[in-house]
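Structure first, commentary second.
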Amino acid sequence: MVRRVGLVAGLVGVLPGLAVVPASAATPAFVVANGVTQPIHSFADAVRETVWVDIGLDLDANGVGDRVATDIIRPATTERVPVIIDASPYYATSGRGNESERKSYDSAGVPVKFPLFYDNYFVPRGYAVALVDFSGSSRSTGCMDTGGRAEVASGKAVIDWLNGRATAYSAASGGSSVTAGWSTGAAAMIGKSWDGSVTQGVAATGVDGLRTIVPISAISSWYDWFRADGVSFSGFGTPTSLASGFENANARSRCGAVRSEMTSGAPANGDYTAMWQQRDYVRSAANVRAAVFSVNGRADLNVKPVNWGQWLAALPASVPRKLWLSQTGHIDPFDFRRATWVSTLHRWFDRWLLGVPNGIDNEPTVSVERAVDQWSDTASWPPSGTQTRTLYPVAGSVAGVGTLATAPGAAATASFTDNGSGTPASYIATPNATSARRVVYSTGTLTSDLRVAGVSRITVAATPSTSTAHLSAYLVDYGPATARSSTGEGIRTLTTESCWGEDRAGDDACYRDTAATTATVDAQVIARGWADLANYASLSTPRTLTPGTKYTITFRLSTTDWVVPAGHRLALVVAGNDSSMTTTPAQLPRVTVGLAETSVQIPLLGTVPSARSSAGAQVTRIPRDAVPGRLDG
C-alpha cells in the first residue's frame, strides 16, 4: 500500500498554461527506506504547469528570443526537489515509448498526460519531471536544427533556468517571468534516440547542475546517423528532411535559412563538413561532468552502435559511467528488461540527484545480454585485459575464401563484383564456398571463448574497375545459436499490462508487457562498417578514382561487446555496397582486394587460433586528413 504523508486534496485556481496547485503541505522532499526513495507524495495532487524558457537564440528571426515549452509535474511540497528532464521533438507527432504516447492538455492549457512512466513513478518519490519540446517543435518557438545548437540549447537553457541563470515565461510570447524556486538545481536528462542524443550534446557543454544523463540508443555524432566514412545511408538524406516531419507551423514559415544551412552542409557524396562538425558531440566530450548511464542495442541499425562506443571512449576518465548492451535493435530497456531497468534507474537517480549512498557507482559498469534474456556483468569498460590485435586475410584453396590469421600471408588477391543488390544476409551466407559478391576469411574453430569489445577498424587495399566504389565489411560469428530476431527489433508486444507508479486522471501508469522474438541462426553479424573508396585519403574531400588503380582505405566498424563461443569461428567478410543501408555508387565496380595489404584491428579478450601463413608485405596505410573529434584510424 502506498504511504501518503501530510497531503491535502483541495485544488486552487487554474490559470491558462500555468499550474494546477494543491494547497501547501508540509511534506518532506523524500524519504529513504530499504536503500531507495519511497512514494510519499500524492501523484493525483501533484503540481502541473507549463513554462516557456528563453534559450538565448533567435533562429526564427522574429526579433524575440526563442522559447521552449517545458511541461512540469512536481510534488506538492514546500521542499525543493531535483528534476528529471526529457527533451524531445516527438511529443505532438509520433509520440514516445512502445505505445506512442503523446502529451495532452485540458481546456485551460494545463498539461494532463505526461508520456512514459517517469512521472508516475518518480514524482511520488520526490522528483519533478520536465518534458521539453525542442525548439521549433510542438508548442515551442524557434527552429528545428537537427542536433544543432538550438536543440542543445533547448536542454541547457532549462537547466540554467532551474539554477537561476536563464529566464522562463508564463506564455510562448509575452507573459510574465517565472522562477523555479521549487528546484534544488540538480537535474538529470534522459531519453531514447533523438531525445537521448540531445542529452549528450547538453552534457558536452559542461553545464552546471546537470548531474547525470541517461542516453538510450543515442546519437553522439549526427554525421554517423546520416553517413558512414563517406557513404550516405538510405532514407533521410539531410538533417533538413528529418526535421521537416516534426516542425511546427512557425518553424515551417520562418526557418528557411536554418534549413538551407543544413541542406548545403550535407552533400550527398558523404563529405564531412563544418555543419556535421557542429553536430559532433564527441568533439566536446572532454567537458562532460555528469555521470553517464548509456543503454544500447547491438542490432540497432537506426542509431548505429559506433555512436555509443566513440562517446564512452571520449569521456574523461573521472566521469562515472554505466553501460547496458542488449541484443535488441532500437528498443527502450523498459521494453526488454523492464523490472530490472526501473529498479536500476531508480537507484541511479537516487544516487546522482539526491546523494543517496546506495553503492550503485561501485557495482559492475557493464551489463551485456549474452543470450536471449541472459545477462552478464563486467567490472569495467573496456574489459580489463582487452588488447587490440591485428588479423590478416590469407588466401585458401577456394577462391575468395581463406583464413583470418595472426600474420599476413604471401602476396595474393581476391575479387568480388558489386551488383548493387547485396545485403548482409547474402554476403555472409555459405562461408565455405566462393561467392561472386564477397570474400570471406575466418579463424579456425575456437577452442575457448573470444570476446570482441570495442570499435574495430579495417584497412582494405582495393582496386576498383570503375571510378566509383563503396565497400562494406562485417565481423561475423559463425556457429549455431538462438538469438533475438529482427522481427519487431527483437521484441513483441503482449496483451497483458504491468504498472509502474501511480495513476492520476488522464495519466495511468500501466503499459503493455513485451517478450523477446527469437530465431535459430548459424551466423550473426557482430560489427559492421561502410565506406566510400573515394574518401581513402580524406573524409572531407573525396578523390577521383582511376579504374585499375589500387587504393588503401581505413574505416571503422561498429562498437560491440560480443563473445564468440568455443566451437564457433570469427570471420571477416568484405563486400561492395550494402543495399539494405547505403546508397548505390554511380558505377558498380568489380573490386580486387590485395590481401597482404589488408588487415583488421579488433579489440580482443582471449586467444585467436594460430594459422600458418607465408611472410608478406606489411600493411601500408595512406594517411587520412585529421577530422577533430573523430576516431578514424
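Tabulated data
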| read-out | value |
| --- | --- |
| Residue identified as open to solvent by 10 Å² or more (accessible area, probe 1.4 Å), small (G, A, S) and in a loop (DSSP other than H, G, I, E, B) among A257, A286, A299, A339 | A299 |
| Matching strands (runs of 3 or more DSSP E) fully within the stretch 365-424 where at least 1 residues are under 18 Å from L604 (Cα atoms) | 366-371, 374-378, 387-395, 401-405 |
| Filter pass, S472 being among the small types (G, A, S), under 31 Å from the mean Cα position of the chain (by Cα), buried (at least 22 other Cβ atoms within 10 Å of the Cβ) and on the phi < 0 side of the Ramachandran plot | yes |
| Tally of residues being under 26 Å from the mean Cα position of the chain (by Cα) and not aliphatic (A, V, I, L, M) across the stretch 561-575 | 2 |
| Condition met for G126 (at positive phi, touching a helix residue (DSSP H, G or I) at 6+ places or on another chain (Cβ under 7 Å) and either free of Cβ contacts under 8 Å to residues at least 60 places away in the same chain or crowded, with 24+ Cβ neighbours inside 10 Å (or both)) | no |
| Count of the stretch 56-75 residues which are open to solvent by 10 Å² or more (accessible area, probe 1.4 Å), among the acidic types (D, E) and out of contact with any Gly (no Cβ under 8 Å at 6 or more places or on another chain) | 0 |
| Count - residues of the stretch 285-305 that are more than 17 Å from V452 (Cα to Cα), of a type outside the set (D, E, K, R) and within 10 Å of the chain's Cα centre (by Cα) | 4 |
| Extreme residue, least open to solvent (accessible area, probe 1.4 Å), among residues of the stretch 437-465 that are closer than 23 Å to F555 by Cβ and not in a strand (DSSP E or B) | T443 |
| Any chance W308 is under 17 Å from the mean Cα position of the chain (by Cα), farther than 24 Å from D561 by Cα and hydrophobic (A, V, I, L, M, F, W, C) | no |
| Residue in the stretch 497-543 that is nearest to G97 (Cα to Cα), counting only those that are open to solvent by less than 20 Å² (accessible area, probe 1.4 Å) and in a loop (DSSP other than H, G, I, E, B) | A509 |
| Residue match in the stretch 304-311 (condition: closer than 17 Å to M189 by Cα, hydrophobic (A, V, I, L, M, F, W, C) and part of a helix (DSSP H, G or I)) | yes |
| Answer from G479, G490 - the residue that is closer than 27 Å to K304 by Cα and more than 25 Å from the chain's Cα centre (by Cα) | G479 |
| Search result, residues across the stretch 77-95 that are surrounded by fewer than 23 Cβ atoms within 10 Å (Cβ to Cβ) and more than 21 Å from K156 (Cα to Cα) | T78, E79, A92, T93, S94, G95 |
| Selection from the stretch 27-41 of residues that are open to solvent by 10 Å² or more (accessible area, probe 1.4 Å), part of a loop (DSSP other than H, G, I, E, B) and not aromatic (F, W, Y) | P28, A29, V31, N34, G35, Q38, P39 |
| Answer residue from the stretch 542-563, given it is polar (S, T, N, Q) and modelled with pLDDT of 95 or more and is farthest from V455 (Cα to Cα) among those | T546 |
| Selected residue (only one of T546, T482 is over 25 Å from W225 (Cβ atoms), part of a loop (DSSP other than H, G, I, E, B) and either open to solvent by 50 Å² or more (accessible area, probe 1.4 Å) or in contact with a His (Cβ under 9 Å, 6 or more places away or on another chain) (or both)) | T546 |
| Of all residues making up the stretch 50-82, the number that are outside any loop (DSSP other than H, G, I, E, B), in contact with a helix residue (DSSP H, G or I) (Cβ under 8 Å, 6 or more places away or on another chain) and polar (S, T, N, Q) | 1 |
| Helices (runs of 4 or more DSSP H) (entirely within the stretch 180-246) containing at least 1 residues that are surrounded by fewer than 22 Cβ atoms within 10 Å (Cβ to Cβ) | 239-243 |
| Residue ID - most open to solvent (accessible area, probe 1.4 Å), chosen from residues in the stretch 263-283 that are part of a helix (DSSP H, G or I) and over 18 Å from V152 (Cβ atoms) | S264 |
| Selection within the stretch 358-385 - of a type outside the set (A, V, I, L, M, F, W, C), over 24 Å from A187 (Cβ atoms) and open to solvent by 40 Å² or more (accessible area, probe 1.4 Å) | P364, R370, D373, Q374, S376, D377, S380, P382, S384, G385 |
| Complete set of residues in the stretch 167-178 that are of a type in the set (S, T, Y) and either over 33 Å from the mean Cα position of the chain (by Cα) or more than 19 Å from G155 (Cβ to Cβ) (or both) | S170, S173, S176, S177 |
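Okay, residues lined up against (1) over 26 Å from the mean Cα position of the chain (by Cα); (2) open to solvent by 40 Å² or more (accessible area, probe 1.4 Å); (3) of a type in the set (S, T, N, Q):
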site	(1), (2), (3)
L345	no, no, no
V356	yes, no, no
A395	yes, yes, no
V398	yes, yes, no
P408	yes, no, no
T413	yes, yes, yes
T417	yes, yes, yes
P424	no, no, no
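The values are calculated or read from the model by the stated rules, or taken from the named source; none is laboratory data. This structure is a prediction, so every number in the text was calculated from the model and none was measured. Neighbour counts are summed over all protein chains in view; Cβ atoms, including those assigned to glycine, are modelled from backbone coordinates with ideal geometry. The area values use the complete protein model at the heavy-atom level, side chains included, leaving out ligands, DNA and RNA. Shrake-Rupley method; radii C 1.70, N 1.55, O 1.52, S 1.80 Å.
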